[in-house]
Amino acid sequence: MFSKRLINIIVSLMVFSTLIIRGVISVTAMPANPVDETKVPHYFGPYPNWANSPFTLPDVAVEIIGDGAGATAIASVGANGAITDITLTDPGSGYSSAQVSITGGGSGASADAVVNTSGAVTSITVNNPGGGYTQPIVTISGGGGTGTLIQVGNQLIARQYATDFATGPGVLGPVLVVIPTTMPANGFVAGILYFNQATPGASTTPSAGNLFHAYILHPTGNPNEYSVLWDSGEQTVPAAVDPVGDIVTIPVPNIAVTAGDTIAFYGEGIPLDDLGTGSDTLSYPAPSAPLAGGILTLGGVDFPVYSQTRTYSFAADVVDTSAVAPLVDATATAFGGVDQVLLVDGGSGYTMPTVDFDLPDSPDGVQASAHAEFDSTTGTITAVVVDSPGSGYSSPPNVVIRDGTIFDPINNGGSGATATATLKIFSVAMDTYGSGYSSAPTVTINDPTGAGATATATVNAGSVTSINLTSPGSGYITQGGIKKFQDGLPMLCDPSLGCTDNNLGQHLPLAVPDTTTFSVANGFAANADYYVIALVQHREQMNSSLPPTLLREYVQLETPDNASWSKHVALQTDLLDGTSVPVLMPDGSQAYAVDDPHYLGPVIVSQKDRAVRIVFYNLLPTGSGGDLFLPTDSSLMGSGMGPMDMMDPMNDGTVMDGIRNPVCSESPKSMDCFKDNRATLHLHGGITPWISDGTPHQWITPANENTPWPQGVSVEAVPDMNNVPGVPDCSAPTDGCMAFYYTNQQSARFMFYHDHAWGITRLNVYAGEAAGYLITDPTEQKLVSDGIIPADQIPL
Ligand SMILES: [Cu+2]
């Protein structure tokens, strides 16, 4: 007899063996001895084993966090789940610092990222080859740093007046004020600042509620004339928070400025002093606000100057990049191919002219080639046509025009022809990479004759250059591994009493019998246990290292007899594509189960000499959705080709022929093939009458399946199970159900029931079509009552 614990161990071994089969174990080297902890797998030892499965969930994740973007890394895990190495897979860009976050099943690992903020120029890409180059010189400029933040304009303080008051707050007033500023030679404006004065002073109102536009102006070169580089749009001075007032910043999208540029505003709300000092320029009345991209002239008709000495609390944040330079300049050489050949002298007397160029300057360059056109009467060269420009020339190659070739010259042939070549630029090679770059410098290619070539530089500043592992930690799983013994066992339980799940949501449900339908009281010769069991396609998570696995599982259906305690689970068919659809009964109604489907359940517990009667519904998906999700060798007898009208496949001895590409392995399957969703029940080890054995030819397809062979040739109904009130009639070949009668005329034992369909039994059982089956008897009960075997029994 089997105690509950023993049954769990047996069932767990079945689960475990399935898991082992699922992962393809790859071992790079054999362990040196049974306790060699450095190799895998290492069964039953203190360390988990790994199986390289593409289906497993990742465990160790390395994330690089910082102000840049794009840096990625992966971790390697060694013995005891310690991290042995972190490899940078993408350096990313834009980082000034970075932290490394390591997450997963283990703990204690940490690492530092090294960020290169003083970069080198790594490469230069030519965007346009140009032409006509004879002495190309590459200049690399700029790119040296992030600049210095400076503030230009006036002090941001409370002043005599909180605002001009030509108009009331809320009306954009006719005042333009240009603030004198000291802009750097190179830089950009990052923000406009003003003081929001909370107390009105000598004004009628505080700053709040007034409207204005902020501007960045660029002098045109004409006296008092400016172009408008940037317009903030209409701003409303907010309510001040501080009792005196606040400095307010208006963000500016890095508008490039140079010496002479300045800032201005149109409107009111900016505090001012009118103390006979100050150098701000006030224009009043200025009837309309300047427009972005427009031109304004101070003192003109639109912006008359109002002569007063004033100072407004208005300023700008400017990033000064004029002093920025790389620590060490990078240098580079431009290489190209022959652009044109210019004939200097045509010579004379040529009969078979050839053209040769010098070898390229770069060792990986390609020699250019050309041919000459000539006047056949005078033998004078008229043109040299470039056939192939070659590459790797840093200066134009010499051009030699011969009669005949260098190896086979024409004696006393033509002479005197000379020509020169020019280059187009194909590449720029770094000679020295420099240092101290934080942004890409400008690349220019200068030449006395050529033009048009452009190039851009790439720098490595701001990239993560390496990751230093500071602590290896332990307990991590390498990505692609399966960790064993990490999940609780699914425990056997009676769903009518309640089940407790393991950490994966699993339990092993008992089937709960209907003891009244087939009973002496109902006119039958003997009492029997009756179950309605269905087969469905369902996902269940088998291990924390794996995503849910697609399975074919048995489940006990809801009937009037068990409806009082049934969990009323609306069954879903989980499809290979990740979607789910409702499971329907043959009549099209939703199928309900007493419990969720669970791998290796429902377990039937029977008693010796008391029959078990089962109505089995095949509720697998139909059509191509019913094709088995496991690889199916349809050339095996019974698993593919139907019994009639199929030609033997042609053996052409090629990878394309019918022998090697069985027609019934195609999806969707041909109508001539047996369906993959055939199924039956077979009580393994049971003494069962042949009509209920579930022989290989006693399978059935789901109702509504479109097939010439809806059921196997030896399907037989249980004679007294037709026309029983409340019991489905499974006598038709297309009803999708079958009836079974198990005698249980055997002593106590552990068995299981599983699929037996012809040609695909092995695959169906592997896919999950198996569940436990026990018989108990009085002998076993006596052993329990005598204390010989444990009293820890299956609840009955
Ligand atoms: Cu068997």
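Which members of segment 387-446 meet the condition of being in contact (Cβ under 8 Å) with a residue 60 or more places away in the chain, over 26 Å from GLY92 (Cα atoms) and open to solvent by 60 Å² or more (accessible area, probe 1.4 Å)?
Here is the first cut: in segment 387-446, the ones in contact (Cβ under 8 Å) with a residue 60 or more places away in the chain are 394-396, 413-446.
In the following step, the residues that additionally are over 26 Å from GLY92 (Cα atoms) were identified as 394-396, 413-426, 444-446.
Passing the criteria: SER415, THR418, THR420, PHE426, ASN446.
When we screen THR331, THR354, THR321 for residues that are under 54 Å from the mean Cα position of the chain (by Cα) and over 22 Å from VAL257 (Cα atoms), the only hit is THR331. Return the only residue of ARG539, ARG552 being part of a strand (DSSP E or B) and either open to solvent by 50 Å² or more (accessible area, probe 1.4 Å) or not assigned by TED's automatic domain parsing to the domain that holds PHE752 (or both). Only one candidate passes the filter, namely ARG539. Screening GLY694 against (1) within 16 Å of the ligand (Cβ to nearest atom); (2) closer than 27 Å to LEU497 by Cβ leaves a single unmet condition, (2). Number of residues in segment 730-754 that are buried (at least 24 other Cβ atoms within 10 Å of the Cβ) and over 16 Å from ILE691 (Cα atoms) equals 1. Look at (1) closer than 24 Å to LEU681 by Cβ; (2) at pLDDT 95 or above; (3) open to solvent by 40 Å² or more (accessible area, probe 1.4 Å) and you find that VAL520 fails only one, number (1). Run down ALA757, ALA791, ALA771 and say which single residue is in a strand (DSSP E or B) and either open to solvent by 60 Å² or more (accessible area, probe 1.4 Å) or assigned by TED's automatic domain parsing to the domain that holds PRO560 (or both). The conditions single out ALA771.
Answer yes if at least one residue in segment 349-356 is buried (at least 19 other Cβ atoms within 10 Å of the Cβ), in contact with a Pro (Cβ under 7 Å, 6 or more places away or on another chain) and aliphatic (A, V, I, L, M), and no otherwise. Checked against the condition, which is being buried (at least 19 other Cβ atoms within 10 Å of the Cβ), in contact with a Pro (Cβ under 7 Å, 6 or more places away or on another chain) and aliphatic (A, V, I, L, M), segment 349-356 yields no hits at all. For the residues ILE157, ILE192, the requirement of being over 30 Å from THR458 (Cβ atoms), open to solvent by less than 40 Å² (accessible area, probe 1.4 Å) and of a type in the set (Val, Ile, Thr) singles out ILE192.
Suppose we keep only residues that are polar (S, T, N, Q) and more than 16 Å from the ligand (Cβ to nearest atom) within segment 733-778. Which one would you say is nearest to LYS675 (Cα to Cα)?
Among those residues, the one meeting the criterion is THR734.
The residues of segment 284-299 that are open to solvent by 50 Å² or more (accessible area, probe 1.4 Å), under 57 Å from the mean Cα position of the chain (by Cα) and either closer than 18 Å to ILE179 by Cα or not polar (S, T, N, Q) (or both), listed by number, are PRO287, LEU291, ALA292, GLY293, ILE295, THR297. Scan segment 262-292 for residues that are part of a loop (DSSP other than H, G, I, E, B), in contact with a Pro (Cβ under 8 Å, 6 or more places away or on another chain) and among the acidic types (Asp, Glu) and the total you get is 1. The residues on offer are ASP231, ASP242, ASP246, ASP302, and the sole one that is open to solvent by less than 70 Å² (accessible area, probe 1.4 Å), of a type in the set (Asp, Glu) and over 47 Å from the mean Cα position of the chain (by Cα) is ASP242. Pairing residues of segment 740-761 that are on the phi < 0 side of the Ramachandran plot with residues that are away from the ligand (no atom under 15 Å from the Cβ) and aromatic (Phe, Trp, Tyr), at Cβ distances under 7 Å and at least 6 apart in sequence or on separate chains, gives PHE740/PHE616; PHE750/PHE2. Quick check, is PRO668 away from the ligand (no atom under 16 Å from the Cβ), free of Cβ contacts under 8 Å to residues at least 60 places away in the same chain and within 18 Å of ALA528 (Cα to Cα)? The answer is no for PRO668. Between LEU492, LEU510, the distinction of being touching a residue at least 60 places away in the same chain (Cβ under 8 Å) and under 41 Å from the mean Cα position of the chain (by Cα) belongs to LEU492 only. The set of residues from segment 180-215 being within 23 Å of GLY299 (Cβ to Cβ) and either in contact with a Cys (Cβ under 7 Å, 6 or more places away or on another chain) or at pLDDT below 95 (or both) comprises PRO180, THR181, THR182, MET183.
Mind checking whether some residue in segment 675-689 is more than 16 Å from the ligand (Cβ to nearest atom), within 38 Å of the chain's Cα centre (by Cα), without any contact (Cβ under 8 Å) to a residue 60 or more places away in the chain and not assigned by TED's automatic domain parsing to the domain that holds ASP720? So far as segment 675-689 goes, no, none of its residues is more than 16 Å from the ligand (Cβ to nearest atom), within 38 Å of the chain's Cα centre (by Cα), without any contact (Cβ under 8 Å) to a residue 60 or more places away in the chain and not assigned by TED's automatic domain parsing to the domain that holds ASP720. Restricting attention to segment 95-117, the residues being within 29 Å of GLY142 (Cα to Cα) and loosely packed, with under 15 Cβ neighbours inside 10 Å number 3. All of (1) open to solvent by 40 Å² or more (accessible area, probe 1.4 Å); (2) within 30 Å of PRO285 (Cα to Cα); (3) not small (Gly, Ala, Ser) hold for VAL152 with one exception: (1).
The requirement of being surrounded by fewer than 17 Cβ atoms within 10 Å (Cβ to Cβ), touching a strand residue (DSSP E or B) at 6+ places or on another chain (Cβ under 9 Å) and either at pLDDT 95 or above or under 30 Å from ALA417 (Cα atoms) (or both) is fulfilled somewhere in segment 330-343, by at least one residue. Applying the condition of being under 11 Å from PRO602 (Cα atoms) and hydrophobic (A, V, I, L, M, F, W, C) to segment 490-517 and asking which residue is surrounded by the fewest Cβ atoms within 10 Å (Cβ to Cβ) yields CYS493.
The values are calculated or read from the model by the stated rules, or taken from the named source; none is laboratory data. Predicted model, so just to flag it, every value in this text is computed and none were measured. Cβ coordinates were reconstructed from backbone atoms using ideal geometry, including for glycine residues, and neighbour counts include every protein chain displayed. Note: areas computed on protein heavy atoms with side chains; ligands, DNA, RNA excluded. Shrake-Rupley method; radii C 1.70, N 1.55, O 1.52, S 1.80 Å.
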